[in-house]
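The values are calculated or read from the model by the stated rules, or taken from the named source; none is laboratory data. Just so you know, these numbers come straight off a predicted model, no measurement behind them. Note: areas computed on protein heavy atoms with side chains; ligands, DNA, RNA excluded. Shrake-Rupley method; radii C 1.70, N 1.55, O 1.52, S 1.80 Å.
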Amino acid sequence: MILKGENLCSCVLYKWQKSLGNYIAVAGQDTSVKIFDRHGQKWTELNLPGRCVGMDWDKDGDILAVIAAKSSSIFLWDASVNRTSQIDSGMRYHMSFILWSKTSPLLAVGTAKGNLLIYNQQTSRKIPIIGKHTKRITCGCWSSQNLLALGSEDNTLTISNHEGDTIRQASLRGEPGEIFFSVMKMDERSSQGESTVSMSVDKKILTLFNLNDPQNPIELAFERHYGNLVSHRWFGDGYILIGFSHGYFLVISTHINEIRSELYQARNHKDSLYSVAVSASLNKAASCGDNCWMMKPKLSWTDDGQLLALSTQRGTIHVFLTKLPMLGDRFGTRLAYLTSLLEVTVSNQAEGENPVAIQVEVEPTFIAVGPYHVAVGMNNRAWFYGLPKIKDIEYLGTIASMCLNADYAAALFEGKVQLHMIEGRDAEDRQQMKLFPDDNKKGRILCHALTPDFLYYGTDLGNVECVLLEEMETLKCYSHSVGVRKVFPDPNGTWLVFIDDKNGAVSCFELPDFSPTITGVLWDNWHADRGVFVAFDDDKVYTYTLHKMTIYGPQVVLVDTTALLYSQRPLLLYNGKLTCQTTSGKTSEVVLSTHSFLKSAHDTPKTSPSEFSNQLAQALKVKRFHEAWSLCESGGSEADWAELGKTCLIHMEVELAIHIYRMSGNVGMVMSLQSIQGIEERNLLAGYLAMFLDEYNLAQDLFLSSSRPAAALEMRRDLLHWDSALMLANRLAEDQIPFISKEYAIHLEFIGNYINALTHYEKGVTNNKEHDEACQAGIARMSIRTGDIRRGTALAIQHPNRVLKKECGAILESMKQFSEAAQLYEKGLYYDKAASVYIRCKNWAKVGELLPNVSSPKIHFQYAKAKEADGKYKEAAQAYENGKDWDNMIRVLLDHLNNPEDAVRVVRETQSIDGAKMVARFFLRLKDYRSAIHFLVLSNCNDEAFQLAQQHGQMEVYADIIGCEATQEDYQSIALYFEEERKHFLAGQFFYKCGQYSKALNHFLKCPKTEDNQPIELAIRTVGEAKDNTLTKQLIEYLLGASDGMAMEAKYLFRLYMALQRYSEAAHTAIVIAREEQFAGNYRNAHDVLFSMHRDLQSQKIKISTDMATNLMILHSYLLVKMHVKKGDHLKGARMLIRVSNNISKFPAHVVPILTSAVIECQRAGLKKSAFDFATMLMRPEYRNQIDLKYRKKIEALVRHPNTSELEEETKPCPYCGFQLPENDLMCISCKNNIPYCIATGRHMLKEDWSMCPHCEFPALYSELLETESVCPMCSENLSATQVKKITDCSRYLQNQDLDQ
């Protein structure tokens, strides 16, 4: 704002209205004084007889006093009535100085000749003082005690009282300027008021004149390069800010110990400094300089610090807005705040709306905003704005505050609230308007607030009332003990915070740690933080959280505090961000320290463990569980997950708690929460959650206030809190008292409180048999424990429970009541325990009676010792035997009873080493060396046994006894002994056992041949284990007769190859052996050889030769004939005989019998043509005479009378290709595959009827295998129905058959 009047040229003089600052008086070189308001509008003009030389406002800013050149009159302008009056000063000389008192209606006027006039505006009294100074009075200042300090061109300072009397006078070194009263800084506060006068002298020296020490003024000189002293101002606690013409600033302290040192020095202007102004209300200083076009400007601030005026010698005054009144309001997320003296800005950043500036008609003293309207006002008028102005309303009194919602406005004035429609017609306004309270007895309203549905107001009597706008009626009233100053409802209007006259805050209970300096409260408008609100003062913001539903009931928790920057007023809280209004008319955002976790959740930076814990704690306190979940997922420990789960339980968030505990792996808690998931009653659910959190007293209170109080009793029983359980049972379920008493007694018994346990056991007796038995058992135990042994013993004996007798017996035994204890053990059939206790009391007779029932070896041992000591050796031996103390039993049998037979029997049965030694010594004494050696070996005394055998020629006995349990050294010693004795077979055996295969083989080959050829068998085994080519070659040469020209049987060569795992040679040898057996007519042996070889090759996964498989198949077919014929199945037998007869050359020993059988079976089976063919073969000369006489004529008849009819053979599909071929053909003419044959029938296998022998794994038709016999036709192993399984997928077996082929 720039003020530029018609004659405002150089030497502009101006003064701000004191206190209010609504007007500025400006005078130039003309003869007028112009009055402007704070918005720059000219208000009035005072015409003077001469140029204005001085003016000043009184202490209240109501009257402006002006003096003019060439006039002795004083002109007074009254701002309240806009009227000018004139007072004759009575002074002869021109007036040069004018100044109002700070505290009273006294006006001081000085003249050019040094005279003084003091005018009392209230009484119109004038006090002229002639000769106060000898020259022009140029400057002065009033103190708060109404002392007047004046400076003059005569280089003197005078201090006068309000009557004009001179109190002090001092001569100065130069002309004084800028005089101020203040208080010097001291160690202790002075009660004398402003006792120090400061002034600049000759623009070089700063002089401090102490009224209490006038003889010692303080003169402060400064560095020359600072320049002249332009201005000085007092501030703070005795500090002075000094400005110098070269642009320097100094700050000094007036404390006597610090006054000569510079506390602060700066050069804010490069070239020059012209003026300095200090605002005490803002605690700020302003300076001007360097800008030459302004030509020595002057600065002046209004008292409230809002406006700063700067004048230049060009006649221009620049007024700067340095501080706006912090007026603002919010509704939801919408803000309205003052951005200029006549401009209100409406913004809604949370919803992305652009700010809108509204020009208003007056400088408001209050602002209110709703969803669609803005109201501003002053005094008793309010102006309502939408986008255009809607209307203005005049109320019945000065408006203290106003609130808006979508439809209504509520104005507070003179202790009442007027509620009316904003945009209704006048008639509707009057109809909808209502004044609260409707009864003056309800007190004066001190505060109010408006939500979409409710009007809240608080009164000086402590009433907080809620009015439902729809009904215009009071919905609820809360009475407080003291007056309510401010109310702050949440956005929904369901919760309210109010501040009372004692500066305490109340929600539904008193807020914790509420500071008495709090000035306001804001609720968070973000949907997830509806329970979060802040309370704020000038320096801090206190974040609170309202937990509406917890297991403890509603709670308010102080989360943390956040520092607030200077001169910021919070307007809106949204998602942890606080929007504040500043004195510059702008807004700034402050992120609450309690919501720092939001930044981490979005940016996911790495934080330290302490920061992480702090952020998690913040998120949990403000109930931001999803953000807390994200934090835990990003790096939370098990403890963090547990804390999150615990907080969810406190806030009754059961679903979320289940997910959290499932994530942390707490299965027990998940199952517990799932069991209560469907509970809807709050108290019952809260009770279970409190129980899970170990808050048992709280859980009990909640259960008792729920619909299921018995849950409290169940909880106490489960927790073993028996006293509480009994109290609850007495109140809720008296029928449970006996059962609880029994359980309580068990607990008391466990901790050793036997007397009380007995009492509760007795209280627990009912008519329930099982329960009463337990109580009677407890009574018996506790009676014994408490000393009533007779009663306890009698109850235990009568009780049917054996375990009770054992328990009471143990108690009595611990009390050294052995007789009663043994009696109870015996009654309880605990014979071992009874016998043990009888032994302790030396009652051997009782021990003997119980001994047949005793199983404890220890008791038998003790009894045996006692009997042995008594010389009753037979009974002692029996007792040792019962106690399984074999060594002592053997000792008694040998030493006392001379019964070696039983001793030997015991040693053989028990393999007792010590017993064997005793028996060996016994036989040595009898010179029975064989038996002695035997028992020495049993006692692991091999060296002694060897020496004994060697001495007495019993090595073969020793070798036979030592068996396979000897060491290699033992075997070698025996082998060497037999080698010396030239017993080659035995020497070879023991060289073989000690791994010396070469020597073993040599000895085996030196052995004479025997019928069983055992040396050859062992030689083969030796070479097989040795895997030595030299030894192998040596044995093969021996078998082939290289030594004596007589070759051994081929079966030994076969066994050698098998032992060497040379399966190809073994297979070839097996075929040779089988052929020999077959030619000799030993078909079963030949079959077994081939089958054994077949299985060995198959186990080694070696290909089976076709020759071997074919021979095995023909031999097996031959063996099947007998089985089929025996069962009477002649067709199958005939088919097998046909197959064998077609290969009759492989059966040279029985050609005629086989062909004869074929003729007979084919004839029986209806295969006439086949019978004729085989009969024809029999008629050959080489066979004819060998035919059995009883069949010869029949066969000859078949040949003479041929019948060529033939029963057609049934066809079955090939398992490979499905081609239909005769069921006994084993070669498919379609796919050329050899088909596996059934070992039960000899037919080819079928895919859909596949099974196999579980032992030899040869295939068989499932339907035929178990019908044959109970043994496998191939391997002769036993079969059962459970072992044979039908195989649905036989592809693997067909593939294996292909590989074999």
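Which entries in Lys132/Lys284; Lys113/Lys203; Lys1132/Lys1190 show an alpha-carbon gap greater than 26 Å?
Values: Lys132/Lys284 37 Å; Lys113/Lys203 23 Å; Lys1132/Lys1190 24 Å.
The pairs that break the limit, which is 26 Å between Cα atoms, are Lys132/Lys284.
Residues in segment 478-488 carry Karplus couplings, in order, of 10, 9, 10, 6, 10, x, 9, 8, 9, 10, 9 Hz; the curve used is 6.51 cos²θ - 1.76 cosθ + 1.60 with θ = phi - 60°, and Gly or Pro positions show x.
Taking one quarter of the surface of the C-alpha convex hull of segment 1128-1202 gives a mean projected area of 4.7 nm².
For Tyr93 and Glu414, the difference between the fully extended length at 0.36 nm per residue and the C-alpha to C-alpha distance is 110.3 nm.
Probe radius 1.4 Å, ligands and nucleic acids left out: which of Phe514, Phe366 has the largest accessible area, and how do the rest follow?
Solvent-accessible surface, decreasing: Phe514, Phe366.
Amide hydrogen proximity for Met1252: with H placed 1.01 Å from N in the peptide plane, the residues at 5 or more positions away or on another chain lying under 5 Å are Ala1260, Lys1285.
Go through Lys763, Lys132, Lys502, Lys15 and list them by solvent-accessible area, largest first, probe radius 1.4 Å.
Values: Lys763 120, Lys132 15, Lys502 155, Lys15 75 Å².
Sorted by accessible area, descending: Lys502, Lys763, Lys15, Lys132.
Once Rh is set to the Kirkwood radius over Cα pairs, what Stokes-Einstein translational diffusion coefficient, in µm²/s, holds for segment 308-439 at a temperature of 4 °C and a viscosity of 1.567 mPa s? If you can, show how the numbers build up before the last one.
Numbers: Rh = 16.0 Å.
This corresponds to a translational diffusion coefficient of 81 µm²/s.
Between Met1227 and Asn1143, residue separation times 0.36 nm minus the direct Cα-Cα distance comes to 28.7 nm. Roughly how much of Lys816 is accessible, in Å² to the nearest 10, using a 1.4 Å probe? Looks like 150 Å² after rounding.
Our summary gives segment 443-530 a relative contact order of 20 percent, counting only alpha carbon pairs under 8 angstrom and 6 or more residues apart.
Cross-link partners of Lys586 among lysines, defined as those whose alpha carbon lies under 18 angstrom from its own and excluding same-chain residues fewer than eight positions apart: Lys323, Lys577.
Compute the semi-axes of the equivalent ellipsoid of segment 163-266, taking the square root of 5 times each eigenvalue of the Cα gyration tensor, and list them largest first in whole Å. Let's see the in-between values first.
Values: eigenvalues 101, 62, 24 Å².
Taking √(5λ) for each eigenvalue gives 22, 18, 11 Å, largest first.
Here the Karplus curve 6.51 cos²θ - 1.76 cosθ + 1.60, taken at θ = phi - 60°, turns the phi angles of segment 1279-1286 into couplings of 10, 9, 4, 6, 7, 8, 10, 7 Hz, with x standing for Gly and Pro.
Close amide H partners of Asn228, meaning residues 5 or more places away or on another chain with modelled amide H under 5 Å apart, are Ser245, His246. Extension gain, Ala563 to Val1284: 0.36 nm times the residue separation minus the Cα-Cα distance gives 250.8 nm. Computed from backbone phi with θ = phi - 60° and the Karplus coefficients 6.51, -1.76 and 1.60, the 3J(HN,Hα) list for segment 409-421 is 10, 10, 10, 9, 8, 6, x, 10, 10, 9, 10, 8, 5 Hz; x is used for glycine and proline.
Separation of the alpha carbons by more than 29 angstrom is noted, of Lys70/Lys126; Lys34/Lys298; Lys1126/Lys1232; Lys389/Lys540; Lys1103/Lys1286; Lys42/Lys298, for Lys1126/Lys1232; Lys389/Lys540.
Counting only aspartates and glutamates at least 8 places from Lys874 when in the same chain, those with an alpha carbon closer than 14 Å to its own are Asp895, Asp902. Taking amide H as placed 1.01 Å from N in the peptide plane, the amide H of Gln1186 sits under 5 Å from none that are at least 5 places away or on another chain. With contacts taken as Cα pairs under 8 Å and at least 6 residues apart, segment 276-411 reaches a relative contact order of 13 percent. Largest first, the extents of the alpha carbon coordinates of segment 517-631 on the three principal axes equal 41, 37, 24 Å.
For a straight C-alpha distance cut-off of 29 angstrom, the lysines reachable from Lys872 (same-chain residues fewer than eight places away being disregarded) are Lys833, Lys842, Lys846, Lys858, Lys884, Lys917. Relative to its residue count, segment 220-319 spans a Cα convex hull of 91 Å³ per residue.
In percent, what relative contact order does segment 468-592 have, based on Cα pairs under 8 Å that are 6 or more apart in sequence?
Details: 231 pairs, mean separation 17.9, N = 125.
For segment 468-592, the relative contact order is 14 percent.
Binning the C-alpha pair distances of segment 648-723 at 10 Å intervals from 0 yields a P(r) profile of 20, 52, 25, 3 %, listed from the shortest bin outward.
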